[in-house]
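All remarks here apply to the structure that follows.
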Amino acid sequence: MITGELRGKLKFAVVGSSCAGKTTVSREIAEKLNLNCTQIDAVFWQPNWREKPENDFRRIIDELTSKDSWVVDGCYTRLHDLTLGRAEVIVWLNYSFTRVFRQAFLRTVKRAAKKTEIFSGCRESFYLSFFTRESILWWVLTTWKRKRTQYRKIFDEKTFGDKEYVELRTRKETERYLDELKT
C-alpha cells in the first residue's frame, strides 16, 4: 500500500470505462494526498464539444505529466505513453457493465434536465444523449467491453513496467482503497 513517505512525489492515472466514476475517484485521491488533479476530458473538449487540436492537447498533457506529482483521469489510448507510462500508480475502475451503464444513464438524464455545464462550456442535452451517435450512452454501450479487454491486457502483462497496478471491481473496494491511502 502507499505510504505517506511518497506524498508529493506521486503520479496516479485513473482509468476505466466512460462513466465508471474516474473523475470522482481521481479527485478523492488528489484531495487525500494533496496532489493536483486533471480531468483529461476537460483538457480535450472545448466549448460546444469542439476537440482541441491534437498537437496542443498532447503538449498540455506532456507538460502536466512531466511534473513531480499529479493525478489524471481518462482513457485516451493515444496518450498512454504520457499518462500510464509516466504514472507510478495505475488505478483501474473495473466495474460491471450494469453498474457503469446505470450510472451513465442517471447522470446523463440529470445533466440534460438541469443543463449542467460539464466542462469548458459543454453540456449534455436530451437530443444529444438519446438521439445521436454522439451520445455518451451509445459510447458506453459500444466501448465498455473493448476498454475492459484493453485494460485487462495492460494489467495482466504489466505493459507499462514496474509500477503499482490497482484493480478495483466494486465501489466498496474503491472506498476501502481510498480509506487506506495515507495522508
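The values are calculated or read from the model by the stated rules, or taken from the named source; none is laboratory data. Everything numeric in this text was worked out from a predicted model, so none of it was measured. Every residue, glycine as well, gets a Cβ built from its backbone with ideal geometry; the counts of neighbours run over all protein chains shown.
Could you say whether any residue in the stretch 28-42 is on the phi > 0 side of the Ramachandran plot, modelled with pLDDT under 95 and assigned to a helix (DSSP H, G or I)? Steps first, answer last, please.
Pass one, the stretch 28-42, residues on the phi > 0 side of the Ramachandran plot: 34.
With the extra rule that they be modelled with pLDDT under 95, the set shrinks to 34.
Now narrow it down to the ones that are assigned to a helix (DSSP H, G or I): none.
Within the stretch 28-42 (the criterion being on the phi > 0 side of the Ramachandran plot, modelled with pLDDT under 95 and assigned to a helix (DSSP H, G or I)), the answer is no, since none of the residues qualifies.
Which ones in the stretch 92-135 are within 22 Å of HIS80 (Cβ to Cβ) and of a type in the set (A, V, I, L, M, F, W, C)?
If we filter the stretch 92-135 for residues that are within 22 Å of HIS80 (Cβ to Cβ), which is where we start, we get 92-95, 100, 119.
Hits for the stretch 92-135 are TRP92, LEU93, VAL100, PHE119.
Can TYR95 be described as in contact (Cβ under 8 Å) with a residue 40 or more places away in the chain and aromatic (Phe, Trp, Tyr)? Explain how you work it out, then say what you get.
Working: in contact (Cβ under 8 Å) with a residue 40 or more places away in the chain: yes; aromatic (Phe, Trp, Tyr): yes.
So TYR95 fits the description; yes.
Does THR23 satisfy being of a type in the set (Ser, Thr, Tyr), in a helix (DSSP H, G or I) and without any contact (Cβ under 8 Å) to a residue 24 or more places away in the chain? Can you show your working first?
Details: of a type in the set (Ser, Thr, Tyr): yes; in a helix (DSSP H, G or I): yes; without any contact (Cβ under 8 Å) to a residue 24 or more places away in the chain: no.
In short, no.
Let's see how each residue does on (1) surrounded by fewer than 16 Cβ atoms within 10 Å (Cβ to Cβ); (2) closer than 20 Å to CYS75 by Cβ; (3) more than 20 Å from the chain's Cα centre (by Cα); (4) not β-branched (Val, Ile, Thr):
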{"residue": "THR108", "(1), (2), (3), (4)": "no, yes, no, no"}
{"residue": "ARG111", "(1), (2), (3), (4)": "no, yes, no, yes"}
{"residue": "THR116", "(1), (2), (3), (4)": "yes, no, no, no"}
{"residue": "GLY121", "(1), (2), (3), (4)": "yes, no, no, yes"}
{"residue": "SER125", "(1), (2), (3), (4)": "yes, no, yes, yes"}
{"residue": "PHE131", "(1), (2), (3), (4)": "yes, no, yes, yes"}
{"residue": "GLU134", "(1), (2), (3), (4)": "yes, yes, no, yes"}
{"residue": "TRP139", "(1), (2), (3), (4)": "yes, yes, no, yes"}
{"residue": "THR142", "(1), (2), (3), (4)": "yes, yes, no, no"}
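Can you tell me which residue is farthest from ALA104 (Cα to Cα) among those in the stretch 17-45 that are surrounded by 16 or more Cβ atoms within 10 Å (Cβ to Cβ) and of a type in the set (S, T, N, Q)?
If we take residues in the stretch 17-45 being surrounded by 16 or more Cβ atoms within 10 Å (Cβ to Cβ) and of a type in the set (S, T, N, Q), then THR38 is farthest from ALA104 (Cα to Cα).
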